[in-house]
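So the structure is just underneath, and the comments pick up after that.
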Amino acid sequence: MSKRALAASLLLASLLCGPVRADSLQDLQTLVKQGQLTQALEKADQLLAAKPRDAQVRFLKGVVLSELNRGSEAVTVFQKLTEDYPELPEPYNNLAVLYAQQRQYDKARNALEMAIRTHPSYATAHENLGDIYARLASQAYDKALALDSSNVVAQNKLAMIREMMSVTGKTTRPAAPAAAAPAAKPAVVAAAPAAAPAPVAPAA
C-alpha cells in the first residue's frame with residue numbers, strides 16, 4: 001500500500017484562545033501547508049512547551065511526524081489524543097491511516113469504529129472503514145485460495161476486490177484541513193470532513 005499523507009485539520013475551531021496563540025497556531029499551520037516540516041515540528045514543540053495539552057498543536061505535530069516518516073511517533077501522538085479527547089473523531093481516523101499503512105487492518109478497523117462512535121456522521125471514517133473491510137476480505141480470500149487454489153468462487157471474489165481497490169487507488173483517507181479550499185477530491189489529501197465537535201478548553 002502506498003503511503004498516504006496525513007493532512008492537518010482545524011478540529012478545535014471554537015476553542016477559546018488569545019490572539020498571540022492564534023497567530024502562533026496560524027504560523028504552524030502555514031509551515032505544515034508549505035511542507036516546511038522540520039520547522040513545523042520545531043514550532044509545534046515550542047508551542048507545546050508552553051501549553052502541553054493543546055489539542056490542535058498536538059494533532060498537527062502528529063501530522064508532521066507522519067509526513068516525516070516517523071510513523072511510530074505519530075501513532076503515539078494520535079493515541080494520546082484519543083485518550084485525552086475521546087470525543088474527537090479525526091485523531092482516530094488518522095491513527096487508522098497509520099495502522100493501515102502498517103497493514104494492521106484490525107487495529108485500523110477498531111480506530112475507525114471509535115471515530116464513528118464519537119461522530120456517527122463522519123463520512124470519511126465510514127468510507128475508510130469500507131476500505132479496511134475490503135482489505136480484510138482480500139486477506140481472507142487469499143487464505144482460502146492458499147488452502148484450495150481451485151476455488152473458483154474465491155478467485156472471482158478476490159479479483160473483484162482487487163479491481164475495486166485499484167479503481168480507488170487507496171485504502172484510507174486522512175482527516176483533511178478545514179482551512180484548505182478543497183476543489184476536486186485529490187488522491188492523497190481528502191476533501192474536508194464535516195466540522196468536528198470541539199472539546200472543553202483544556203487546562204494549560
re the range 41-134: pairs of Cα atoms spaced beyond 20 Å account for a percent value of 34 percent
In terms of the Cα gyration tensor, with a ≥ b ≥ c the square roots of its eigenvalues, is the range 20-85 rounded because a/c is under 1.5, prolate because a/b exceeds b/c, or oblate? oblate
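Of the listed pairs Lys107/Lys143; Lys61/Lys143; Lys33/Lys157; Lys61/Lys107; Lys107/Lys157; Lys33/Lys143, which have alpha-carbon separations greater than 31 Å here? Let's see the in-between values first.
Values: Lys107/Lys143 20 Å; Lys61/Lys143 38 Å; Lys33/Lys157 40 Å; Lys61/Lys107 21 Å; Lys107/Lys157 24 Å; Lys33/Lys143 42 Å.
Cα-Cα > 31 Å for Lys61/Lys143; Lys33/Lys157; Lys33/Lys143; rest within.
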Diffusion coefficient in µm²/s returned for the range 12-169 by Stokes-Einstein, Kirkwood Rh over C-alpha pairs, 4 °C and 1.567 mPa s, is 74 µm²/s
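For a quick check: sort Lys51, Lys33 by the number of other beta carbons within 10 angstrom, fewest at the front.
On the way: Lys51 17, Lys33 14.
Fewest-to-most ranking of Lys51, Lys33: Lys33, Lys51.
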Would you mind checking the radius of gyration and Dmax of the range 86-177 based on alpha-carbon positions, in Å? 14.5, 48
Order of Val152, Val32 under a 10 Å beta carbon neighbour criterion, fewest first: Val152, Val32
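Rule-based calculations on the coordinates, nothing more; no lab input. Predicted, not measured: the structure shown is a model, and the values here were computed from it. All Cβ positions, glycine included, derive from the backbone under ideal geometry; neighbour counts span all protein chains shown.
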